[in-house]
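A short write-up of the structure that comes next.
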Amino acid sequence: MFDAVVHPVPSPKPSKRPAKVPGERIYECHLGLTGHKNFKQAAEVLIPRAKRNGYTALLLIGVQECKSYAMMGAQPCAYFAPCAMLGTPEDLQDFVAEAHGAGLRVYMCPSHEGAAWCDDGLPEHYFRTTSGSRDPISGARLFDYEEPEVVRFLLSNLAYWMVEYGFDGFRFDRVSSVIYAQHGRWLPQDTEKLDEYVNNSNNVNSSAIQYLMLATSMAEKLAQSFESGATMIADDPTLFPGICRPIADGGLGFDLRQNSFAGLWKGLLRKSDEEWTMEELMQ
């Protein structure tokens, strides 16, 4: 996780960050897979296109350096390094500044649900060492959210991308893998039963939930210092209770919930409208 070449990052160029607006239209993309070789080429084509088509924000995936480029940003091996195949840190700073100049907010996926498996000698310092050290679905190495230094590391990572590069918010992928003890598997389908399920402390990761609350709170307070506000998105197909409620009301503090369960949409395409169940419509 720390096996990286140090590249001094200059202070970002001063630019006014667009304010958070209701009813956002977010353009999600991986810059390297949109036909552009680097941040510079993407800025010339992608930003004008998104602005022309009425989008208000860009959601970039694959920003961090990963063990494999094909992972598209999942399971990073260097949490504080932009993807080297897309350009230098200065190129990413310029991309975000140009997007801000066009009135577009810029978000990214920090991939705090799990890191790549690397022989870095850190298993007992940042990650779980028990039988639950690996995500059974993605194979990612899971952070130990009970350790204060792990929480500090992850929060500082969010602050780094906001301050040094100008990002306006984040999408947390695979939130269900983080908050549930069984990583989102074998959950009740009925919402009332799900409420009972999450109220059992044995079924959820309380430390991970506390971390997510700290992350949304810190990002919002930091964004307020830029007079812009942070947009926090949770990728959660399970309808976890209170995920988008304010923290003051007992929620996790996310602004938006996204369901990226692609298999569901494949099933819907095979069915006529009359065959859809209420559960599928809710999801």
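The values are calculated or read from the model by the stated rules, or taken from the named source; none is laboratory data. Note that this is a predicted model, so its numbers are computed, not measured. Cβ sites come from the backbone with ideal geometry, for glycine too, and all protein chains shown count toward neighbours.
Structure notes:
- From the options D168, D235, D173, residue that is crowded, with 19+ Cβ neighbours inside 10 Å, at pLDDT 95 or above, under 19 Å from the mean Cα position of the chain (by Cα) and not hydroxyl-bearing (S, T, Y): D168
- Qualifying residue in region 239-258 (condition: without any contact (Cβ under 8 Å) to a residue 12 or more places away in the chain and assigned to a helix (DSSP H, G or I)): yes
- Taking the criterion of being part of a loop (DSSP other than H, G, I, E, B) and at pLDDT below 95, the residues of region 87-105 that qualify are G87, T88.
- Among the residues of this structure, F153 counts as one that is under 22 Å from F254 (Cα atoms), out of contact with any Gly (no Cβ under 9 Å at 6 or more places or on another chain) and either outside the structural domain of V63 (by TED's automatic domain parsing) or among the aliphatic types (A, V, I, L, M) (or both).
- Residues of region 52-70 satisfying the condition of being crowded, with 17+ Cβ neighbours inside 10 Å and either in a helix (DSSP H, G or I) or hydrophobic (A, V, I, L, M, F, W, C) (or both): A57, L58, L59, L60, I61, V63, C66
- Residue ID - farthest from A81 (Cα to Cα), chosen from residues in region 1-36 that are of a type in the set (V, I, T) and modelled with pLDDT under 85: T34
- All positions within region 186-222 that are modelled with pLDDT of 95 or more and over 21 Å from L142 (Cα atoms): S217, M218, A219, E220, K221, L222
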